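Read through the structure below, which is laid out as structure tokens, and then see the notes.
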Amino acid sequence: EPTKGNKAASATRSVERTSYPLTAIAAPGEELLLRLLYNRASFDDATIMRMLDHWRTLLEAITANPAGRLADLSLLTAAERRQFANWNHTQREYPRDRCIHELFLEQTARTPDAVALVHGTTRFTYREISDRAHLIANHLRRLGVHPDIPVAIPIRMPSGIIPLRILTT
């Protein structure tokens, strides 16, 4: 039977295992201990560290304002909020005297093989989008559609492919 101060007793360690890819453990005490047990085939270390940072951010916000509303809490760290804000700075000036399909056609003429649209792992160049839209426009012309006739077209993803060339018909 171990006694106080016995090295064998202090060296005892428990091993926790679950069948879940991610298990969160919170152990209260003078300081809250947070542990994540995870399957390395499902998560890499960087992802787990981001999760822990999100927990820290959330818990710091709760302790700073215990009466605050849940809807006002954010999991994002300050660095992530800055990163998202920088990603969102996409406003650009463009010629206001021309239509979007005209600008698209000009870009297609300048850089036909440049990637214009990414959907998941699928990439489309300006030329591919223009060619596909042109096929549909020609089909609509054969059906008797002209520029003053509105046409509803059900579009499967990626959605930006079809309408650009049809606007020119």
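Before I look further, what does the range 19-160 give for accessible area per residue, probe 1.4 Å, in whole square angstrom?
Heavy-atom accessible area per residue stands at 79 Å².
For the peptides 121-127, 141-147, 22-28, 84-90, what is the packing order when you average, over each peptide's residues, the other Cβ atoms within 10 Å and list the highest mean first?
Highest mean packing first, the order is 121-127, 22-28, 141-147, 84-90.
For the range 26-159, calculate the relative contact order in percent as a whole number, restricting contacts to Cα pairs under 8 Å that are 6 or more residues apart.
That works out to 11 percent.
The values are calculated or read from the model by the stated rules, or taken from the named source; none is laboratory data. Quick caveat, the model's predicted, so the values are computed rather than measured. Cβ atoms come from the backbone with ideal geometry, glycine included; neighbour counts cover every protein chain shown. Protein only, heavy atoms only, side chains kept; ligands, DNA and RNA dropped before computing areas. Shrake-Rupley method; radii C 1.70, N 1.55, O 1.52, S 1.80 Å.
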